[in-house]
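**Student:** Handing you a structure now.
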Amino acid sequence: MEEIKKIGVFTSGGDAPGMNAAIRAVTRTGIRNGLEVFGIRRGYQGMIEGDIVKLEYSTVSGIIQQGGTILHTARCKEFMGVEGRQKAYNQLKKFKLDAVIVIGGDGSFTGATIMSKEHDIPFIGIPGTIDNDLYGTDYTIGYDTALNTVVCAVDKIRDTASSHDRIFFVEVMGKEAGFVALRSGIACGAEGILIPELKGQLARLKKLLAERARQNKSSIVLVAEGDDEGRAIDIATKTQKEFPKFDIRTTILGHIQRGGSPTAFDRVTASRFGVAAVDALLDDQKSIMIGLANNEIVHVPLNKTVKLHKEVNKELLEIADILI
Ligand code: F6P
């Protein structure tokens with residue numbers, strides 16, 4: 001592999017708290033190793049358009065505590081086509097970038113995997129998504145902050161739920177995965193958790209809700225947005241029809257889960273990932289994702305992270321089952 005002198009870093013897909021800490025770590029580790037570091041703004045869209053700026057040590061001062069991403073992000077349709085990727089590659093060559101670090105989730109890594117097959121450019125992935133749904137890593141950047149945001153919100157909702165003896169269906173993010181719902185559900189002491197990974201939960205849940213309603217007890221049900229039974233609002237409507245006497249409300253937490261200052265855990269994990277990503281490049285690695293397994297940094301082939309499915313933690317499923 002040619003000697004690496006200039007690297008690019010960008011964020012892609014949904015923003016996640018802690019992305020800035022990763023950008024900071026990549027920039028500073030790169031500079032400390034004598035590299036020039038460039039920020040590609042607005043993800044693959046900015047790569048196609050050549051929206052690329054030099055990052056200095058001081059550019060990344062005062063950002064570790066900020067949510068969102070100073071480089072901005074995008075979901076880019078044009079990059080899905082061969083022509084879009086060719087344009088992106090031309091820009092990387094124009095700026096003489098020797099390698100790129102992508103901070104994002106599944107879709108961002110799919111793009112990187114395809115591009116690195118078509119063009120000779122090393123990609124290293126840093127997992128950044130609040131969904132925590134990436135194979136090969138126990139944690140993704142932003143997951144811990146999102147969990148804490150959900151817990152904080154549900155604790156507040158619980159005050160109203162118990163004051164009015166109501167049933168609340170609270171929808172949390174997770175397009176295809178229940179990681180946020182499962183872990184935050186345990187942390188909130190939810191009476192029900194509906195996630196795509198667990199089938200046939202609704203029948204059991206309805207029995208429990210009916211029993212609790214008879215005793216004038218409130219209930220909180222966390223619903224992952226990708227659950228097979230539908231969105232929280234649909235589940236609530238169906239349940240209301242079946243049990244007209246229930247006092248039911250629905251809350252969709254939505255994008256508040258993606259914002260806010262990252263937790264200490266996300267800041268430290270993002271910093272570890274950023275340092276490890278630059279180290280990996282200097283070690284001639286390519287097409288890998290940096291991950292965390294049992295609190296150790298690991299390297300996972302990028303194509304595996306997109307091909308393989310991450311299972312929800314069985315122990316947590318059991319805990320939820322016992323404690324509900
Ligand atoms: O991929 C992360 C995620 O937060 C999903 O859980 C959610 O469905 C999606 O992003 C929402 O994306 P957008 O902000 O583009 O609507």
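**Student:** Tell me yes or no: at least one residue of the range 242-261 is open to solvent by 30 Å² or more (accessible area, probe 1.4 Å), more than 16 Å from the ligand (Cβ to nearest atom) and either within 30 Å of ILE290 (Cβ to Cβ) or touching a Pro at 6+ places or on another chain (Cβ under 7 Å) (or both).
**Tutor:** yes
**Student:** Then there's this: With respect to the numbered conditions (1) modelled with pLDDT of 95 or more; (2) more than 15 Å from the ligand (Cβ to nearest atom); (3) more than 30 Å from ALA293 (Cβ to Cβ), which one is the sole condition not fulfilled by PHE265?
**Tutor:** In the conditions (1) modelled with pLDDT of 95 or more; (2) more than 15 Å from the ligand (Cβ to nearest atom); (3) more than 30 Å from ALA293 (Cβ to Cβ), PHE265 misses (3) alone.
**Student:** Residues of the range 136-168 being more than 21 Å from LEU316 (Cβ to Cβ) and either assigned to a strand (DSSP E or B) or aromatic (Phe, Trp, Tyr) (or both), which ones?
**Tutor:** Those that are more than 21 Å from LEU316 (Cβ to Cβ) and either assigned to a strand (DSSP E or B) or aromatic (Phe, Trp, Tyr) (or both): ILE167, PHE168.
**Student:** From the list ALA210, ALA203, pick out the single residue that is part of a helix (DSSP H, G or I) and open to solvent by less than 30 Å² (accessible area, probe 1.4 Å).
**Tutor:** On the way: ALA203 fails: open to solvent by less than 30 Å² (accessible area, probe 1.4 Å).
Going through ALA210, ALA203 in turn, just one is part of a helix (DSSP H, G or I) and open to solvent by less than 30 Å² (accessible area, probe 1.4 Å): ALA210.
**Student:** Now a separate question. Does ILE114 fit the bill of being assigned to a helix (DSSP H, G or I), at pLDDT 95 or above and away from the ligand (no atom under 13 Å from the Cβ)?
**Tutor:** yes
**Student:** Is it true that SER218 is outside the structural domain of THR129 (by TED's automatic domain parsing) and of a type in the set (Ser, Thr, Tyr)?
**Tutor:** yes
**Student:** Only residues that are of a type in the set (Asp, Glu) and either within 17 Å of ASP133 (Cα to Cα) or at pLDDT below 95 (or both): list them for the range 172-210, please. Working first, answer last.
**Tutor:** Taking the range 172-210 first, the residues of a type in the set (Asp, Glu) are 176, 191, 197.
Correct list: GLU176, GLU197.
**Student:** Among the listed residues GLN86, GLN65, which satisfies the condition of being of a type in the set (S, T, N, Q), within 15 Å of ALA270 (Cβ to Cβ) and open to solvent by 60 Å² or more (accessible area, probe 1.4 Å)? Explain how you work it out, then say what you get.
**Tutor:** Numbers: GLN86 fails: within 15 Å of ALA270 (Cβ to Cβ).
Just one listed residue meets the conditions, GLN65.
**Student:** On the basis of being touching a Leu at 6+ places or on another chain (Cβ under 9 Å) and either buried (at least 24 other Cβ atoms within 10 Å of the Cβ) or of a type in the set (Gly, Ala, Ser) (or both), does PRO127 make the cut?
**Tutor:** yes
**Student:** Which condition number in (1) more than 30 Å from ASN20 (Cβ to Cβ); (2) in contact with a strand residue (DSSP E or B) (Cβ under 9 Å, 6 or more places away or on another chain) is the one that ALA203 fails?
**Tutor:** So ALA203 meets the others, but not (2).
**Student:** Output the number of the condition that GLY107 fails; it satisfies all remaining conditions of (1) within 30 Å of GLN86 (Cβ to Cβ); (2) surrounded by 24 or more Cβ atoms within 10 Å (Cβ to Cβ); (3) small (Gly, Ala, Ser); (4) out of contact with any helix residue (DSSP H, G or I) (no Cβ under 7 Å at 6 or more places or on another chain).
**Tutor:** Among (1) within 30 Å of GLN86 (Cβ to Cβ); (2) surrounded by 24 or more Cβ atoms within 10 Å (Cβ to Cβ); (3) small (Gly, Ala, Ser); (4) out of contact with any helix residue (DSSP H, G or I) (no Cβ under 7 Å at 6 or more places or on another chain), the lone unmet condition for GLY107 is (2).
**Student:** Is it the case that some residue within the range 176-183 is outside the structural domain of THR110 (by TED's automatic domain parsing), more than 15 Å from the ligand (Cβ to nearest atom), part of a helix (DSSP H, G or I) and out of contact with any Lys or Arg (no Cβ under 9 Å at 6 or more places or on another chain)?
**Tutor:** no
**Student:** Same structure again: For the range 211-231, how many residues are over 18 Å from ARG183 (Cα atoms), within 16 Å of the ligand (Cβ to nearest atom) and modelled with pLDDT of 95 or more?
**Tutor:** Looking only at that region, the number is 1.
**Student:** Out of (1) on the phi > 0 side of the Ramachandran plot; (2) open to solvent by 20 Å² or more (accessible area, probe 1.4 Å); (3) touching a residue at least 60 places away in the same chain (Cβ under 8 Å), the odd one out for LYS5 is which?
**Tutor:** Of (1) on the phi > 0 side of the Ramachandran plot; (2) open to solvent by 20 Å² or more (accessible area, probe 1.4 Å); (3) touching a residue at least 60 places away in the same chain (Cβ under 8 Å), only one is false for LYS5: (1).
The values are calculated or read from the model by the stated rules, or taken from the named source; none is laboratory data. Please read these numbers as outputs of a predicted model, since none were measured by experiment. Reconstructed Cβ throughout: ideal geometry from the backbone, glycine too, with neighbour counts over all protein chains shown. These accessible areas exclude ligands, DNA and RNA; they are computed on the full protein's heavy atoms, side chains included. Shrake-Rupley method; radii C 1.70, N 1.55, O 1.52, S 1.80 Å.
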